[in-house]
Amino acid sequence: KNEVEQSPQNLTAQEGEFITINCSYSVGISALHWLQQHPGGGIVSLFMLSSGKKKHGRLIATINIQEKHSSLHITASHPRDSAVYICAVYGNKLVFGAGTILRVKS
Amino acid sequence: NAGVTQTPKFQVLKTGQSMTLQCAQDMNHEYMSWYRQDPGMGLRLIHYSVGAGITDQGEVPNGYNVSRSTTEDFPLRLLSAAPSQTSVYFCASSYEYGGELFFGEGSRLTVL
């Protein structure tokens, strides 16, 4: 079993829909990252979380340390949100999930 | 402020050739790292450094060497390229281990 599991692997949504991407991990961590990678593009950091919830524009990230679970929500999704979203956890090493491919159709 | 600069963006090698992927950051970050990204797999750590003169192996270090002579630079060397090293490589840095990561734009390497 991978230390970091993301779901779903692929997600197609209509513009305007509320989107949730999930990340579950099996190790103790000090922090969790959500990253975004556009097709053919580089990787940017969206959030770094160690507890609770963070919001940036239409993006919301939450983490439940006891349940070893984090979610990334996108409200009022837009085609420009189409990207790969990657969860990464810092335990005694940095481990990445395989990513969730999101496509938002107009 | 350029952030993390990675070169080259594209490279084609023949089996057995050597090359160096360059990575430089201008944010005075202590932690630097190299990853490879393969289809269907998450980013995998190759080597990392927590400061000048200090490097260590990650998850997939075989076939790669690194050095960290300055805070700014962290080159990745392939001594004898193999087709299995065909991948997209990313360099990243952070102020400290566990901190926000800043990535380079990536280098697509093909080994024939």
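Just so you know, all these numbers are worked out from the coordinates, no wet-lab data involved. Nothing here was measured: the structure is a model prediction, and the numbers come from that model. Heads up, the Cβs are rebuilt from the backbone with ideal geometry, glycines too, and the neighbour counts pull from every protein chain shown.
Whole angstrom only: what separates the Cα centroid of the range A:70-106 from the Cα centroid of the range B:49-81?
For the range A:70-106 versus the range B:49-81, the Cα centre distance is 28 Å.
Over the whole of B:95-108, what's the average partner chain Cβ count within 10 Å per residue? Rounded to a whole number, please.
4
Run the dipole for the protein assembly as shown about the Cα centre, Lys and Arg Cβ at +1, Asp and Glu Cβ at -1, nothing else charged, and hand back the magnitude in debye, nearest 20.
About 420 debye.
Quick one: among A:Q66, A:Q37, A:Q14, which has the greatest mean-square fluctuation in a GNM of chain A with alpha-carbon springs under 10 angstrom?
Looking only at A:Q66, A:Q37, A:Q14, the largest GNM fluctuation is found for A:Q66.
If you add up the charges near A:P39, with Lys and Arg at +1 and Asp and Glu at -1, over every other residue whose beta carbon is less than 12 angstrom from its beta carbon, what do you get?
+2
Using Cβ counts within 10 Å as a stand-in for footprinting exposure, how do B:R36, A:R80, A:R58 rank, fewest first?
A:R80, A:R58, B:R36
What GluC sites (Glu not before Pro) does the range A:7-84 have in DSSP loop regions with at most 10 other beta carbons within 10 Å?
Those satisfying the criteria are A:E67.
Could you work out which residue, out of B:M27, B:M41, B:M19, moves most in a Gaussian network model of chain B, that is, has the largest mean-square fluctuation with Cα springs under 10 Å?
Answer for the Gaussian network model of chain B: B:M41.
Given H placed 1.01 Å from N in the peptide plane, which residues other than close sequence neighbours of A:A13 have an amide H under 5 Å from its amide H?
A:R103, A:V104, A:K105
Identify the GluC sites (Glu not before Pro) of the range B:72-112 meeting these criteria: DSSP loop state and at most 11 other C-beta atoms within 10 Å of the C-beta.
Filter output for the range B:72-112: B:E96.
Only Lys, Arg, Asp and Glu count, each charged at its Cβ (+1, +1, -1, -1), so figure out the dipole size of the range A:53-105 about its Cα centre, rounded to 20 debye.
140
Residues with amide H under 5 Å of B:H47's amide H, sequence separation 5 or more or different chain, H placed in the peptide plane at 1.01 Å from N; which?
Long-range HN contacts for B:H47: B:W34, B:G58.
Please report the equivalent ellipsoid semi-axes of chain A, computed as sqrt(5 x eigenvalue) of the Cα gyration tensor, largest first, in whole Å.
23, 14, 12
With 31 Å as the limit, write out which pairs from A:K53/A:K105; A:K105/B:K14; A:K93/B:K9 have Cα-Cα distances beyond it, or answer none.
A:K105/B:K14
Do you know the relative contact order of chain A, to the nearest whole percent, from alpha carbon pairs under 8 angstrom that are 6+ apart?
RCO, chain A: 37 percent.
Restricting attention to the range A:1-99, which chymotrypsin sites (Phe, Trp or Tyr not before Pro) occupy a DSSP loop and are surrounded by at most 16 other Cβ atoms within 10 Å?
Within the range A:1-99, the qualifying chymotrypsin sites (Phe, Trp or Tyr not before Pro) (loop, at most 16 other Cβ atoms within 10 Å) are A:F18.
Picking from A:N64, A:P79, A:M48, whose Cα lies most toward the positive end of the charge dipole for chain A (charges on Cβ: Lys, Arg +1; Asp, Glu -1)?
The residue sitting farthest along the positive end of the dipole is A:M48.
What percent antiparallel are the DSSP beta bridges of the protein assembly as shown, to the nearest 5?
90
Amide H neighbours of B:G3 under 5 Å, counting only residues 5+ apart in sequence or on other chains, H built in-plane at 1.01 Å?
Amide H neighbours of B:G3: B:D26.
Explain nothing, just the number: dipole magnitude of chain A about its Cα centre with +1 on each Lys and Arg Cβ and -1 on each Asp and Glu Cβ, in debye rounded to the nearest 20.
About 160 debye.
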